[in-house]
Amino acid sequence: MTDESTATAFVPGHVTGFFSAHRTDDPATTGSRGGGLTLSDGVRVTVAPAERTRIDLDGRRIEMTPVEHVLDAVGVTARVAIDSDLPVGAGFGVSGAAALGTALASNTVFDGDRSENELVELAHVAEVESGTGLGDVVAQARGGVPIRVEPGAPGHGVLDGVPTSARVEYVTFGELSTAEVIEGDTTRLTEAGERALSELRERPTLPNLIRLSRRFAREAGLLVPEVETAIDSVTDAGGEATMAMLGRSVFALGTGLSEVGYDPNVCETYPSGAHLYR
């Protein structure tokens, strides 16, 4: 554990299966609707006071705009050490996790008085303003298999969930720019996401979420060849797999990927949301 001048938060990874984008003039009410899974593979964020802000990811100094936005909003400079089980830019919500973990840990280190919902909003706004995500933060704060019914931070957005747990396998084939997709024309994507959400709410089961996510990926025109090949291999063998939004990654339930010859990372859905370590 850390000493009294530092604090560490764990934030689960998050894979979105489908979504629709909703923008307003207020980043707190901007967000996405959709469905996905939080993962036991996640991100640990340790914050300590420092004269100048420095951000390290797995021991390497980086720039991460959402984290910088959180610290600026809190009005502090800090050393932020991010330890991630997951690849960056591949659809696992690492930037959202880093922002949320920074918000939670900095509130402790700097004797802040923000509530959990206020900290989640802080991180959500940082992600929206950075163009790195629209819905990961609120899902990661909830945990489980979240359904984002209405967009936005706590107090604006509405969350539900699929009451289940599962083993999850995943493989990644590289990065995909979230900003290029969500800041472009999202009309086609949003129409497909709205259809999927309506059907999931009628039948909120995990297999249905994955099936609707597969359809969404095709209707939204987001599939890339290596991702499509992996998904087809799993479904042809009777398994359930789909694309992680937004990344060149595939996640599957159970042993879907390993059974067809891939060497996946293995984790589980995470039953609770982001939290501080004692």
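The values are calculated or read from the model by the stated rules, or taken from the named source; none is laboratory data. Values in this document were obtained by computation on a predicted structure and should not be read as measured data. A quick note on method: Cβ atoms are made from the backbone with ideal geometry, for glycine too, and the neighbour counts reach across all protein chains shown. The accessibility values were calculated without ligands, DNA or RNA, using every heavy atom of the protein model including side chains. Shrake-Rupley method; radii C 1.70, N 1.55, O 1.52, S 1.80 Å.
Here are the numbers:
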item: Diffusion coefficient, µm² s⁻¹, Stokes-Einstein with Kirkwood Rh over alpha-carbon pairs of segment 1-81 at 10 °C and 1.306 mPa s; result: 106
item: Space enclosed by the convex hull of the alpha-carbon atoms of segment 236-278, per residue, Å³; result: 118
item: Over the chain: helical MRE at 222 nm, DSSP H runs n ≥ 4 each giving -39500 (n - 2.57), nearest 500; result: -10500 deg cm²/dmol
item: Crossing angle, helix 94-109 versus the chain [Cα axis fit, 0-90 degrees, rounded to tens]; result: 30
item: Listed peptides 52-58, 163-169 by packing density, highest first (mean Cβ within 10 Å); result: 163-169, 52-58
item: For His124, solvent-accessible area (1.4 Å; no DNA, RNA or ligand), Å²; result: 0
item: Kirkwood Rh, angstrom, the chain [1 / mean 1/r, Cα pairs]; result: 18.4
item: Accessible surface of segment 41-106, 1.4 Å probe, proportion on carbon and sulfur as whole %; result: 42
item: Whole-number accessible area per residue in Å² for the chain, which is evaluated in the context of all protein chains at 1.4 Å; result: 42
item: Shape category assigned to segment 148-278 from the gyration tensor of Cα positions, a/c cut at 1.5; result: rounded
item: Semi-axis lengths (Å, descending) of the ellipsoid that matches the C-alpha gyration tensor of segment 76-153; result: 20, 16, 11
item: Nearest-ten-degree value, helix 116-130 long axis tilted from longest Cα axis of the chain; result: 70
item: Carbon and sulfur %, accessible surface of segment 163-278 computed with the full protein complex present, 1.4 Å; result: 45
item: Added length on full extension, which subtracts the Cα-Cα distance from 0.36 nm per residue, Glu150 to Arg114; result: 10.6 nm
item: Angle in degrees between helix 206-219 and the longest Cα principal axis of the chain, rounded to the nearest 10; result: 80
item: Dimensions (Å) - segment 1-136, Cα atoms, principal axes, largest first; result: 41, 31, 24
